[in-house]
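Novice: The structure's right below; bear with me while I get my questions together.
The values are calculated or read from the model by the stated rules, or taken from the named source; none is laboratory data. Note that the structure is predicted; figures quoted are calculated from it, not measured. Methodologically, a virtual Cβ is constructed for each residue, glycine included, from the backbone with ideal geometry; neighbour enumeration extends over all protein chains shown. Just the protein is used for accessible areas: all its heavy atoms, side chains included, with ligands, DNA and RNA removed. Shrake-Rupley method; radii C 1.70, N 1.55, O 1.52, S 1.80 Å.
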Amino acid sequence: AKLSCFFLSGEPATSCGMPCSDGGESGNQSPAHIEADDLPATFQVSARYALSGEPICTVQAPSTLSVARLRQSIAIASGCHAPLRLSLDGQLIPGAASLREAGLNDGVCVDVLRHANQRLATASTDMTVKIWCCQTGDCLMTLTGHENQVMSICFSPDGQLLASSSTDHTAKIWCGETGECLATLQGHQSAVNAVRFSGDGRLLATASHDRTARLWSATTGSYIRSLLGHQRQVHSVHFAPDSWRIATSSDDGTAKIWDTRDGQCIMELLGHRGPIYSAQFSPNGRWVLTASSDHSAALWNSQTGELERQLRG
(Lines give C-alpha, C1' and ligand atoms only; values in the text may rest on other atoms or scores of the structure.)
Protein backbone atom coordinates (compact mmCIF):
# COMPACT_ATOMS: atom_id res chain seq x y z
CA ALA A 1 0.00 0.00 0.00
CA LYS A 2 1.15 3.52 -0.72
CA LEU A 3 1.69 5.38 2.54
CA SER A 4 2.26 8.95 3.63
CA CYS A 5 3.20 10.08 7.11
CA PHE A 6 3.30 13.16 9.31
CA PHE A 7 4.96 13.72 12.69
CA LEU A 8 3.55 15.67 15.61
CA SER A 9 6.15 16.98 18.08
CA GLY A 10 5.77 18.63 21.44
CA GLU A 11 2.24 17.39 21.84
CA PRO A 12 0.23 19.30 24.47
CA ALA A 13 -1.25 17.54 27.45
CA THR A 14 -4.80 18.10 26.19
CA SER A 15 -4.36 15.90 23.16
CA CYS A 16 -4.18 12.13 22.89
CA GLY A 17 -1.47 10.39 24.92
CA MET A 18 0.13 7.06 24.26
CA PRO A 19 2.33 4.46 25.92
CA CYS A 20 6.04 4.85 26.36
CA SER A 21 8.46 2.53 28.03
CA ASP A 22 10.60 4.90 30.05
CA GLY A 23 10.37 5.40 33.77
CA GLY A 24 7.82 4.45 36.40
CA GLU A 25 6.53 1.17 35.00
CA SER A 26 8.89 -1.18 36.79
CA GLY A 27 9.87 -1.80 40.37
CA ASN A 28 8.53 -3.71 43.31
CA GLN A 29 6.31 -1.14 44.97
CA SER A 30 2.93 -2.36 46.16
CA PRO A 31 -0.16 -0.88 44.49
CA ALA A 32 -1.49 2.23 46.23
CA HIS A 33 -5.10 2.46 47.39
CA ILE A 34 -7.02 5.75 47.13
CA GLU A 35 -10.36 6.38 48.80
CA ALA A 36 -12.57 8.99 47.11
CA ASP A 37 -15.59 10.60 48.80
CA ASP A 38 -18.05 8.02 50.06
CA LEU A 39 -20.90 8.91 47.72
CA PRO A 40 -23.75 6.72 46.44
CA ALA A 41 -23.30 4.59 43.32
CA THR A 42 -19.54 4.23 43.68
CA PHE A 43 -17.33 2.20 41.40
CA GLN A 44 -14.14 0.36 42.25
CA VAL A 45 -11.72 1.03 39.41
CA SER A 46 -8.30 -0.59 39.21
CA ALA A 47 -5.45 0.85 37.14
CA ARG A 48 -2.41 -0.86 35.65
CA TYR A 49 0.39 0.16 33.30
CA ALA A 50 -0.51 -0.76 29.73
CA LEU A 51 2.95 -2.04 28.80
CA SER A 52 4.02 -4.02 31.86
CA GLY A 53 0.65 -4.86 33.39
CA GLU A 54 2.01 -3.72 36.76
CA PRO A 55 -0.86 -2.61 39.05
CA ILE A 56 -0.87 1.05 40.12
CA CYS A 57 -3.84 1.61 42.40
CA THR A 58 -7.49 0.94 43.13
CA VAL A 59 -9.86 3.89 43.28
CA GLN A 60 -13.28 4.04 44.93
CA ALA A 61 -15.11 6.77 43.03
CA PRO A 62 -18.68 7.91 42.33
CA SER A 63 -19.97 6.89 38.92
CA THR A 64 -20.44 10.58 38.11
CA LEU A 65 -16.74 11.33 38.57
CA SER A 66 -15.10 12.54 35.36
CA VAL A 67 -12.45 10.45 33.68
CA ALA A 68 -10.15 13.48 33.90
CA ARG A 69 -10.44 13.43 37.72
CA LEU A 70 -9.80 9.71 37.75
CA ARG A 71 -6.62 10.32 35.74
CA GLN A 72 -5.48 12.86 38.34
CA SER A 73 -5.94 10.33 41.14
CA ILE A 74 -4.01 7.69 39.22
CA ALA A 75 -1.22 10.19 38.44
CA ILE A 76 -0.86 10.93 42.16
CA ALA A 77 -0.74 7.24 43.01
CA SER A 78 1.84 6.48 40.33
CA GLY A 79 3.99 9.52 41.09
CA CYS A 80 3.94 10.35 37.37
CA HIS A 81 4.24 14.02 36.52
CA ALA A 82 3.70 13.50 32.79
CA PRO A 83 0.16 13.55 31.38
CA LEU A 84 -1.63 10.21 31.35
CA ARG A 85 -4.36 8.72 29.18
CA LEU A 86 -6.63 5.84 30.07
CA SER A 87 -7.60 3.00 27.76
CA LEU A 88 -10.21 0.25 28.01
CA ASP A 89 -10.13 -2.72 25.63
CA GLY A 90 -7.68 -0.88 23.37
CA GLN A 91 -9.82 2.29 23.06
CA LEU A 92 -8.90 5.64 24.58
CA ILE A 93 -11.39 6.92 27.17
CA PRO A 94 -12.48 10.57 26.64
CA GLY A 95 -11.50 12.77 29.56
CA ALA A 96 -14.71 14.82 29.60
CA ALA A 97 -16.99 11.82 30.14
CA SER A 98 -18.08 10.52 33.53
CA LEU A 99 -17.11 6.99 34.52
CA ARG A 100 -20.63 5.76 33.74
CA GLU A 101 -20.80 7.64 30.42
CA ALA A 102 -17.46 6.15 29.42
CA GLY A 103 -18.86 2.65 29.87
CA LEU A 104 -16.89 1.81 33.00
CA ASN A 105 -18.40 -0.63 35.47
CA ASP A 106 -17.71 -1.54 39.07
CA GLY A 107 -14.57 -3.66 39.26
CA VAL A 108 -13.18 -2.63 35.87
CA CYS A 109 -9.43 -2.38 35.25
CA VAL A 110 -8.17 0.41 32.99
CA ASP A 111 -4.83 0.57 31.19
CA VAL A 112 -2.67 3.64 31.80
CA LEU A 113 -0.84 5.14 28.84
CA ARG A 114 1.98 7.50 29.61
CA HIS A 115 2.43 10.65 27.59
CA ALA A 116 4.97 10.56 24.75
CA ASN A 117 6.37 13.51 22.83
CA GLN A 118 5.66 12.22 19.33
CA ARG A 119 2.90 10.49 17.48
CA LEU A 120 2.92 9.42 13.90
CA ALA A 121 -0.05 9.20 11.55
CA THR A 122 -0.20 7.15 8.36
CA ALA A 123 -2.65 7.22 5.47
CA SER A 124 -3.17 4.21 3.24
CA THR A 125 -4.83 2.82 0.15
CA ASP A 126 -6.83 0.59 2.51
CA MET A 127 -9.06 3.65 3.19
CA THR A 128 -7.88 4.08 6.80
CA VAL A 129 -5.80 6.45 8.88
CA LYS A 130 -3.74 5.03 11.74
CA ILE A 131 -2.13 6.83 14.67
CA TRP A 132 0.98 5.24 16.19
CA CYS A 133 3.26 5.68 19.18
CA CYS A 134 6.78 6.50 17.98
CA GLN A 135 8.45 5.01 21.04
CA THR A 136 6.75 1.62 20.98
CA GLY A 137 5.40 1.29 17.46
CA ASP A 138 1.96 0.47 18.89
CA CYS A 139 -1.11 1.42 16.86
CA LEU A 140 -3.19 3.70 19.08
CA MET A 141 -6.19 4.26 16.81
CA THR A 142 -7.56 3.32 13.41
CA LEU A 143 -9.80 5.95 11.80
CA THR A 144 -12.35 4.66 9.32
CA GLY A 145 -14.88 6.54 7.20
CA HIS A 146 -13.26 7.34 3.87
CA GLU A 147 -14.66 5.41 0.91
CA ASN A 148 -11.46 5.28 -1.12
CA GLN A 149 -7.71 5.52 -0.58
CA VAL A 150 -6.45 8.21 1.80
CA MET A 151 -3.91 10.49 0.16
CA SER A 152 -2.76 12.86 2.89
CA ILE A 153 -2.95 13.53 6.64
CA CYS A 154 -1.97 16.43 8.84
CA PHE A 155 -2.11 17.20 12.59
CA SER A 156 -3.31 20.62 13.72
CA PRO A 157 -0.63 22.75 15.43
CA ASP A 158 -1.98 21.96 18.91
CA GLY A 159 -2.33 18.25 18.14
CA GLN A 160 -6.01 18.12 19.03
CA LEU A 161 -7.23 17.65 15.45
CA LEU A 162 -6.19 15.51 12.51
CA ALA A 163 -7.21 16.13 8.91
CA SER A 164 -7.22 13.61 6.06
CA SER A 165 -7.91 13.77 2.33
CA SER A 166 -9.01 11.04 -0.02
CA THR A 167 -9.70 10.06 -3.60
CA ASP A 168 -13.36 9.81 -2.51
CA HIS A 169 -13.47 13.60 -3.23
CA THR A 170 -13.62 14.53 0.48
CA ALA A 171 -11.47 15.63 3.36
CA LYS A 172 -12.26 14.88 6.99
CA ILE A 173 -11.46 16.48 10.35
CA TRP A 174 -11.00 14.07 13.27
CA CYS A 175 -10.66 14.46 17.02
CA GLY A 176 -7.06 13.58 17.83
CA GLU A 177 -7.98 12.17 21.23
CA THR A 178 -10.98 9.99 20.48
CA GLY A 179 -10.73 9.41 16.71
CA GLU A 180 -14.26 10.74 16.20
CA CYS A 181 -14.96 12.27 12.76
CA LEU A 182 -15.94 15.87 13.48
CA ALA A 183 -16.59 17.08 9.91
CA THR A 184 -16.58 15.85 6.32
CA LEU A 185 -15.54 18.51 3.82
CA GLN A 186 -17.42 18.13 0.55
CA GLY A 187 -17.22 20.24 -2.59
CA HIS A 188 -14.25 19.07 -4.63
CA GLN A 189 -15.17 17.38 -7.91
CA SER A 190 -12.29 14.92 -7.92
CA ALA A 191 -9.63 13.33 -5.71
CA VAL A 192 -8.33 15.48 -2.86
CA ASN A 193 -4.56 15.12 -3.04
CA ALA A 194 -3.42 17.07 0.00
CA VAL A 195 -4.62 18.71 3.20
CA ARG A 196 -2.87 21.15 5.53
CA PHE A 197 -3.65 23.24 8.64
CA SER A 198 -2.54 26.86 8.92
CA GLY A 199 -0.01 27.69 11.61
CA ASP A 200 -2.60 29.47 13.76
CA GLY A 201 -4.91 26.46 13.50
CA ARG A 202 -7.84 28.48 12.13
CA LEU A 203 -7.76 27.40 8.48
CA LEU A 204 -7.56 24.13 6.59
CA ALA A 205 -6.49 23.98 2.94
CA THR A 206 -7.08 21.19 0.43
CA ALA A 207 -5.61 20.55 -3.02
CA SER A 208 -7.49 18.56 -5.62
CA HIS A 209 -7.30 16.81 -8.95
CA ASP A 210 -10.14 19.17 -10.01
CA ARG A 211 -7.52 21.94 -10.55
CA THR A 212 -8.52 23.91 -7.45
CA ALA A 213 -7.43 24.42 -3.89
CA ARG A 214 -10.02 25.24 -1.23
CA LEU A 215 -9.98 26.94 2.15
CA TRP A 216 -12.12 25.76 5.06
CA SER A 217 -12.70 26.66 8.68
CA ALA A 218 -10.69 24.23 10.79
CA THR A 219 -13.08 24.65 13.72
CA THR A 220 -16.41 24.15 11.91
CA GLY A 221 -15.43 22.53 8.61
CA SER A 222 -17.36 25.18 6.70
CA TYR A 223 -16.25 26.16 3.19
CA ILE A 224 -14.61 29.61 2.86
CA ARG A 225 -13.37 30.03 -0.73
CA SER A 226 -11.67 28.40 -3.72
CA LEU A 227 -8.26 29.27 -5.15
CA LEU A 228 -8.71 29.27 -8.93
CA GLY A 229 -6.03 29.58 -11.59
CA HIS A 230 -4.17 26.30 -12.06
CA GLN A 231 -4.74 24.58 -15.40
CA ARG A 232 -4.19 21.02 -14.21
CA GLN A 233 -4.47 19.07 -10.95
CA VAL A 234 -3.12 20.67 -7.78
CA HIS A 235 -0.71 18.44 -5.87
CA SER A 236 0.12 20.32 -2.69
CA VAL A 237 -0.87 23.15 -0.37
CA HIS A 238 1.35 24.69 2.32
CA PHE A 239 0.80 27.73 4.57
CA ALA A 240 3.44 30.34 5.30
CA PRO A 241 4.21 30.91 9.00
CA ASP A 242 2.07 34.08 8.87
CA SER A 243 -0.97 31.89 8.03
CA TRP A 244 -2.32 34.35 5.45
CA ARG A 245 -0.17 33.21 2.53
CA ILE A 246 -0.39 29.77 0.99
CA ALA A 247 1.64 28.01 -1.71
CA THR A 248 0.23 25.50 -4.19
CA SER A 249 1.90 23.31 -6.81
CA SER A 250 0.41 21.80 -9.93
CA ASP A 251 0.79 19.50 -12.90
CA ASP A 252 0.65 22.64 -15.06
CA GLY A 253 4.32 23.28 -14.20
CA THR A 254 3.68 26.25 -11.92
CA ALA A 255 3.59 27.01 -8.24
CA LYS A 256 1.50 29.89 -6.97
CA ILE A 257 1.38 31.97 -3.80
CA TRP A 258 -2.06 33.15 -2.69
CA ASP A 259 -3.57 35.57 -0.21
CA THR A 260 -5.96 33.48 1.88
CA ARG A 261 -7.89 36.58 2.96
CA ASP A 262 -9.33 37.24 -0.52
CA GLY A 263 -8.27 34.20 -2.57
CA GLN A 264 -6.16 36.26 -4.97
CA CYS A 265 -2.97 34.91 -6.54
CA ILE A 266 -0.06 37.07 -5.35
CA MET A 267 2.61 35.59 -7.60
CA GLU A 268 3.33 32.71 -9.95
CA LEU A 269 6.63 30.82 -9.78
CA LEU A 270 7.78 29.95 -13.31
CA GLY A 271 10.89 28.02 -14.29
CA HIS A 272 10.26 24.29 -13.96
CA ARG A 273 9.82 22.23 -17.12
CA GLY A 274 7.44 19.64 -15.74
CA PRO A 275 4.75 19.04 -13.13
CA ILE A 276 5.53 20.41 -9.67
CA TYR A 277 4.67 17.93 -6.96
CA SER A 278 5.47 20.01 -3.88
CA ALA A 279 5.78 23.66 -2.84
CA GLN A 280 6.64 24.50 0.78
CA PHE A 281 7.52 27.66 2.69
CA SER A 282 10.69 27.74 4.76
CA PRO A 283 10.16 27.98 8.55
CA ASN A 284 10.89 31.73 8.46
CA GLY A 285 8.63 32.27 5.43
CA ARG A 286 11.36 33.89 3.31
CA TRP A 287 11.62 31.15 0.69
CA VAL A 288 9.50 28.61 -1.11
CA LEU A 289 11.04 25.29 -2.09
CA THR A 290 9.56 23.41 -5.05
CA ALA A 291 10.16 19.89 -6.38
CA SER A 292 9.42 18.89 -9.96
CA SER A 293 9.37 15.93 -12.32
CA ASP A 294 12.03 17.77 -14.35
CA HIS A 295 14.57 16.24 -11.92
CA SER A 296 15.17 19.50 -10.08
CA ALA A 297 14.20 21.42 -6.97
CA ALA A 298 14.12 25.20 -6.88
CA LEU A 299 14.42 27.83 -4.15
CA TRP A 300 12.34 30.98 -4.64
CA ASN A 301 12.17 34.33 -2.86
CA SER A 302 8.65 34.37 -1.41
CA GLN A 303 8.52 38.17 -1.40
CA THR A 304 9.57 38.78 -5.01
CA GLY A 305 8.96 35.42 -6.71
CA GLU A 306 12.52 35.43 -8.04
CA LEU A 307 14.34 32.12 -8.55
CA GLU A 308 17.21 32.09 -6.05
CA ARG A 309 18.72 28.70 -6.82
CA GLN A 310 18.09 25.63 -8.98
CA LEU A 311 19.05 22.31 -7.39
CA ARG A 312 19.99 19.48 -9.74
CA GLY A 313 21.78 16.20 -9.40
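Novice: If I filter region 304-313 down to residues being in a strand (DSSP E or B) and in contact (Cβ under 8 Å) with a residue 12 or more places away in the chain, which single residue comes out as most open to solvent (accessible area, probe 1.4 Å)?
Specialist: The residue in question is Arg312.
Novice: Can you name the number of the only condition in (1) of a type in the set (D, E, K, R); (2) at pLDDT 95 or above; (3) out of contact with any Lys or Arg (no Cβ under 8 Å at 6 or more places or on another chain); (4) part of a loop (DSSP other than H, G, I, E, B) that Arg196 fails?
Specialist: That leaves (4) as the condition not met.
Novice: Might you let me know whether region 104-127 holds any residue that is basic (Lys, Arg) and modelled with pLDDT under 95?
Specialist: Yes.
Novice: Out of all the residues in region 284-298, which are open to solvent by less than 10 Å² (accessible area, probe 1.4 Å) and either part of a loop (DSSP other than H, G, I, E, B) or modelled with pLDDT under 95 (or both)?
Specialist: If the condition is that a residue be open to solvent by less than 10 Å² (accessible area, probe 1.4 Å) and either part of a loop (DSSP other than H, G, I, E, B) or modelled with pLDDT under 95 (or both), then Gly285 is the only one that fits.
Novice: Let me ask another. Under 6 Å between Cβ atoms, which residue pairs at least 6 apart in sequence (or on different chains) link something in region 41-63 that is free of Cβ contacts under 8 Å to residues at least 24 places away in the same chain and surrounded by fewer than 20 Cβ atoms within 10 Å (Cβ to Cβ) with a partner that is assigned to a strand (DSSP E or B) and of a type in the set (A, V, I, L, M, F, W, C)?
Specialist: No pair meets every condition.
Novice: Quick check on my filter: what residues within region 119-164 are open to solvent by 60 Å² or more (accessible area, probe 1.4 Å), within 14 Å of the chain's Cα centre (by Cα) and within 23 Å of Thr220 (Cα to Cα)?
Specialist: Listed by number, the residues that qualify are Thr142, Pro157, Asp158, Gln160.
Novice: Next up: Suppose we filter Arg211, Arg196 for residues that are charged (D, E, K, R), within 21 Å of Thr290 (Cβ to Cβ), buried (at least 16 other Cβ atoms within 10 Å of the Cβ) and under 17 Å from the mean Cα position of the chain (by Cα); which single one remains?
Specialist: Numbers: Arg211 fails: under 17 Å from the mean Cα position of the chain (by Cα).
On inspection, the qualifying residue turns out to be Arg196.
Novice: When you go through (1) out of contact with any Lys or Arg (no Cβ under 9 Å at 6 or more places or on another chain); (2) polar (S, T, N, Q); (3) within 23 Å of Ser208 (Cβ to Cβ) one by one for Gln310, which number turns out not to apply?
Specialist: (3)
Novice: Separate question: Name the residues in region 253-282 that are in a strand (DSSP E or B) and of a type in the set (Val, Ile, Thr), would you?
Specialist: Selection gives Ile257, Ile266, Ile276.
Novice: In addition: When you check Ser87 against the structure, is it modelled with pLDDT under 85 and in a loop (DSSP other than H, G, I, E, B), yes or no? Even if it seems obvious, please write down each step before you answer.
Specialist: Values: modelled with pLDDT under 85: yes; in a loop (DSSP other than H, G, I, E, B): no.
No.
Novice: Follow-up question, since we're still on this one. I need the full set of residues from region 270-286 which are free of Cβ contacts under 8 Å to residues at least 40 places away in the same chain and either touching a Phe, Trp or Tyr at 6+ places or on another chain (Cβ under 6 Å) or small (Gly, Ala, Ser) (or both), in order please.
Specialist: Hits for region 270-286 are Gly271, Gly274, Ser282.
Novice: Just checking, how many residues over region 217-252 are in a loop (DSSP other than H, G, I, E, B) and open to solvent by 20 Å² or more (accessible area, probe 1.4 Å)?
Specialist: Number satisfying all stated conditions: 13.
Novice: Restricting the first residue to region 137-154 and requiring it to be modelled with pLDDT under 95 and assigned to a strand (DSSP E or B), which pairs with a second residue that is of a type outside the set (Val, Ile, Thr) and open to solvent by 60 Å² or more (accessible area, probe 1.4 Å) meet a Cβ separation below 6 Å and a spacing of at least six or different chains?
Specialist: Qualifying pairs under 6 Å: Cys139/Trp132.
Novice: Test Asn301 against the stated conditions and say whether it is over 26 Å from Leu185 (Cβ atoms) and open to solvent by less than 40 Å² (accessible area, probe 1.4 Å).
Specialist: Judged against the criteria, Asn301 is a match.
Novice: Taking only pairs six or more apart or across chains, which ones have beta-carbon atoms under 7 Å, a first residue in region 185-211 that is on the phi > 0 side of the Ramachandran plot, and a second residue that is open to solvent by 10 Å² or more (accessible area, probe 1.4 Å)?
Specialist: Pairs that qualify, where the first residue is on the phi > 0 side of the Ramachandran plot and the partner is open to solvent by 10 Å² or more (accessible area, probe 1.4 Å), are Gly187/Arg214; Gly187/Tyr223; Gly201/Pro157; Gly201/Asp158; Arg211/His230; Arg211/Gln231; Arg211/Arg232; Arg211/Gln233.
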